[in-house]
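**Q** Mind having a look at this structure? Questions to follow.
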Amino acid sequence: MIITAVFRFKRSETFTQFGWSFLHFASRREFASNALDRLCYILDRSSRRGSVASAANKITHSNKISSLERVSRRLAEEYHYLPVLGKLASEEENSRGDVLRLLSKDLATSHDQILGVARKYTDDASDAGPSNRREVLAKKLLDVCTPQYQRLFDKILSDNTRLGLSFFLELRQDLLLFMKIQHDEEMRSQLKQLNESLRSLLSTWFSPETLTIRRLTFEATSAAIIEKIAKKEAVHPMKSLDDLRVRLGKDKRVYCAFHPLLSDEPLIFVHVALRPFQPSSMGDVLNTLDIKLPTVAAFYSISATQPGLGGVALGEVLIKKATELIKSELPSISTFITLSPIPKFRSWLLEKLTHSIEQNVFSDSSILSEKDLKILMSLFGYDCSKEAVICFKKHIADPWALMSSYSDALEPVLMRLAARYLLVEKHRKRPLDAVGRFHIQNGAEVYRLNYIADTSRKGLHNSLGLMVNYRYNPSTLVTNREQYALDFTIPKNEQVEKYL
């Protein structure tokens, strides 16, 4: 009835910009309220809290407009109890997936609305209309460019509670998983927009100023936090409590980032070994040493605990703060390096060798040089390059047997291939290796390759035992970062460059 009156009012000569604004906000509010009602319906039907929560929040009238504040609080409180993604018996059941679809589609921006308001604004500007009309249109344009789900999020943010923060972490974790299983391009595009909004929101909430970096110790840190650290270690998994004791020993440090609202939840942590030399193997960092005056701090593992914070730059903050704490505690330390894995090196090498075999290309455009081919032919006893490469590939498929039988002979070949992988292989101009990307964009240089550095099952499977040192040189950090941001230049030491 109100909308009809507005349309009649619009036809009259006395129709002013008030009519345009009211019509826009009324229709937008009605659309959003319908979506909020459906969101409440999902929570009513799917919440594991059952009849208590449902009865208290049931929508009894179909024309009732849900309170934005009430719906936002319900969403933050009850989302955790919805059936977990991937555990549902049927796609038709209400779930977290339904919430993600509704947020990304029904409460997102409308391109048609944006274009419509933008045309009105440009038309009005070209006609030299009243300035107050353009101001109203500008506000309207800002409104239609803001997703409706942002208003929900803002309400949750305004409460500044642990519950709200936990909700956003869980929601984005589900979103990242949900995006991977979506095949509809339109839905994927809508989900990407929602993901970018959540990533931006979390980047603000987890800004460097809000984080606290603490050293963890057996004596001062709660058992619950230490247990979480042990379980979440992703780079070099711990086998026992003794492993954990070693990594928290006097010759080592563990630093962790916390948020004030999640003071008992480690967000990201880094392991550091204090040494009088630059370590070149896992044995060098894990062995317990009695060191009176360490000169090197070696970062050998960094792990995030919250999948929902993927893409939020916490690692850079942690390493920077940890470096400052180490300098303050131990002025004798002047060198900061990493001992890093090369996680995808072996899979990359297998892929490249397969391509060479299929294309029957073993020189020039191949990743193997003439010198490499001669070594392989001599090592495996073949006069033909193709047969030698096929044999090499078969042995790489069984890295434990390969490295136990041919490790010395293969060192020059694998070191050159690893240098190529780290310095030459790119994706969209950036290093192909994800660990390398992280350290290089933070200003580190590719400092040294290490052969037979990680002989664990995981180390051999991922990188044939090779590891790499990245060096954080305070005098070149800023220059390296700026140059990489400008043209993706990879800072490298001659110890690595010599293999190319």
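The values are calculated or read from the model by the stated rules, or taken from the named source; none is laboratory data. Small disclaimer: the values here were computed from a predicted structure and weren't measured. No Cβ is skipped: glycine too gets one built from the backbone with ideal geometry, and neighbour counts run over all protein chains shown. All accessible areas refer to the heavy atoms of the entire protein, side chains included, with ligands and DNA or RNA removed. Shrake-Rupley method; radii C 1.70, N 1.55, O 1.52, S 1.80 Å.
**Q** Go over the candidates LYS327, LYS344 one by one and state the one that is under 24 Å from ALA444 (Cα atoms), free of Cβ contacts under 8 Å to residues at least 40 places away in the same chain and either within 37 Å of the chain's Cα centre (by Cα) or open to solvent by less than 60 Å² (accessible area, probe 1.4 Å) (or both).
**A** After applying the criteria, what remains is LYS327.
**Q** Give the range 166-186 a look and list any residue that's touching a helix residue (DSSP H, G or I) at 6+ places or on another chain (Cβ under 7 Å), assigned to a helix (DSSP H, G or I) and open to solvent by less than 70 Å² (accessible area, probe 1.4 Å), or say none.
**A** Passing the criteria: PHE167, PHE168, LEU169, GLU170, LEU171, ARG172, ASP174, LEU175, LEU176, PHE178, MET179.
**Q** What single numbered condition from (1) within 20 Å of the chain's Cα centre (by Cα); (2) in contact (Cβ under 8 Å) with a residue 40 or more places away in the chain; (3) within 20 Å of GLU494 (Cα to Cα) fails to hold for ARG437?
**A** (2)
**Q** Out of SER281, SER301, which single residue is of a type in the set (Gly, Ala, Ser) and in contact with a His (Cβ under 7 Å, 6 or more places away or on another chain)?
**A** SER301
**Q** Within the group ASN473, ASN469, which residue is surrounded by 16 or more Cβ atoms within 10 Å (Cβ to Cβ), modelled with pLDDT of 95 or more, more than 17 Å from ARG416 (Cβ to Cβ) and among the polar types (S, T, N, Q)?
**A** Unique residue meeting the criteria: ASN469.
**Q** Among (1) open to solvent by 10 Å² or more (accessible area, probe 1.4 Å); (2) modelled with pLDDT of 70 or more, there is one condition GLY97 misses while meeting the rest; what is its number?
**A** (1)
**Q** Also: List pairs: first residue in the range 154-168 and in contact (Cβ under 8 Å) with a residue 60 or more places away in the chain and under 20 Å from THR305 (Cβ atoms), second residue buried (at least 20 other Cβ atoms within 10 Å of the Cβ) and of a type in the set (A, V, I, L, M, F, W, C) anywhere in the structure, Cβ distance under 7 angstrom, at least six positions apart or on different chains.
**A** Filtered contacts from the range 154-168: LEU163/ALA76; GLY164/ALA76; GLY164/ILE156; PHE167/ALA76; PHE167/ILE156; PHE168/LEU198; PHE168/LEU202.
**Q** State yes or no: is THR204 among the hydroxyl-bearing types (Ser, Thr, Tyr) and open to solvent by 80 Å² or more (accessible area, probe 1.4 Å)?
**A** In short, yes.
Yes/no per residue for (1) of a type in the set (S, T, N, Q); (2) at negative phi; (3) touching a strand residue (DSSP E or B) at 6+ places or on another chain (Cβ under 7 Å); (4) touching a residue at least 12 places away in the same chain (Cβ under 8 Å):
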| site | (1), (2), (3), (4) |
| --- | --- |
| LEU410 | no, yes, no, yes |
| ARG420 | no, yes, no, yes |
| LEU432 | no, yes, yes, yes |
| SER463 | yes, yes, yes, yes |
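To keep it simple, each residue is scored yes or no on (1) open to solvent by 70 Å² or more (accessible area, probe 1.4 Å); (2) modelled with pLDDT under 70.
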{"residue": "SER67", "(1), (2)": "no, no"}
{"residue": "SER72", "(1), (2)": "no, no"}
{"residue": "ALA76", "(1), (2)": "no, no"}
{"residue": "LEU82", "(1), (2)": "no, no"}
{"residue": "LEU88", "(1), (2)": "no, yes"}
{"residue": "GLU93", "(1), (2)": "yes, yes"}
{"residue": "LEU102", "(1), (2)": "no, no"}
{"residue": "GLN113", "(1), (2)": "no, no"}
{"residue": "SER126", "(1), (2)": "yes, yes"}
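**Q** Still on this structure, please answer the following. Name the one entry in LEU379, LEU349, LEU339 that is touching a residue at least 12 places away in the same chain (Cβ under 8 Å) and open to solvent by 40 Å² or more (accessible area, probe 1.4 Å).
**A** LEU379
**Q** Say we look at the range 396-429 and pick out the residues that are among the aromatic types (Phe, Trp, Tyr) and modelled with pLDDT under 95; which of these is least open to solvent (accessible area, probe 1.4 Å)?
**A** Among residues in the range 396-429 that are among the aromatic types (Phe, Trp, Tyr) and modelled with pLDDT under 95, the one least open to solvent (accessible area, probe 1.4 Å) is TYR406.
**Q** Can you name the strands (runs of 3 or more DSSP E) wholly within the range 198-280 that have at least 1 residues being of a type in the set (Val, Ile, Thr) and farther than 30 Å from THR455 by Cβ?
**A** Per the criteria, 212-215.
**Q** Further question: Taking the range 263-318, which residues are surrounded by 23 or more Cβ atoms within 10 Å (Cβ to Cβ), in contact with a Gly (Cβ under 7 Å, 6 or more places away or on another chain) and without any contact (Cβ under 8 Å) to a residue 60 or more places away in the chain?
**A** ILE268
**Q** Is there a residue being modelled with pLDDT of 95 or more and touching a helix residue (DSSP H, G or I) at 6+ places or on another chain (Cβ under 9 Å) anywhere in the range 226-242?
**A** no
**Q** A further question on this structure: Test SER222 against the criterion of being open to solvent by 30 Å² or more (accessible area, probe 1.4 Å) and in contact (Cβ under 8 Å) with a residue 24 or more places away in the chain, and give yes or no.
**A** It is true that SER222 is open to solvent by 30 Å² or more (accessible area, probe 1.4 Å) and in contact (Cβ under 8 Å) with a residue 24 or more places away in the chain.
**Q** Would you call LEU432 open to solvent by less than 50 Å² (accessible area, probe 1.4 Å) and closer than 21 Å to SER356 by Cα?
**A** So LEU432 does not fit the description; no.
**Q** Please enumerate the residues belonging to the range 435-446 that are within 19 Å of ASP284 (Cβ to Cβ) and surrounded by fewer than 22 Cβ atoms within 10 Å (Cβ to Cβ).
**A** Correct list: VAL435 only.
**Q** Determine which single condition CYS391 fails, assuming it passes every other condition in (1) closer than 19 Å to GLN483 by Cα; (2) free of Cβ contacts under 8 Å to residues at least 24 places away in the same chain.
**A** Of the numbered conditions (1) closer than 19 Å to GLN483 by Cα; (2) free of Cβ contacts under 8 Å to residues at least 24 places away in the same chain, the odd one out for CYS391 is (1).
**Q** Just checking, which of PHE178, PHE206, PHE167 is in contact with a strand residue (DSSP E or B) (Cβ under 7 Å, 6 or more places away or on another chain) and within 23 Å of SER72 (Cβ to Cβ)?
**A** None of the others qualify; the one that does is PHE206.
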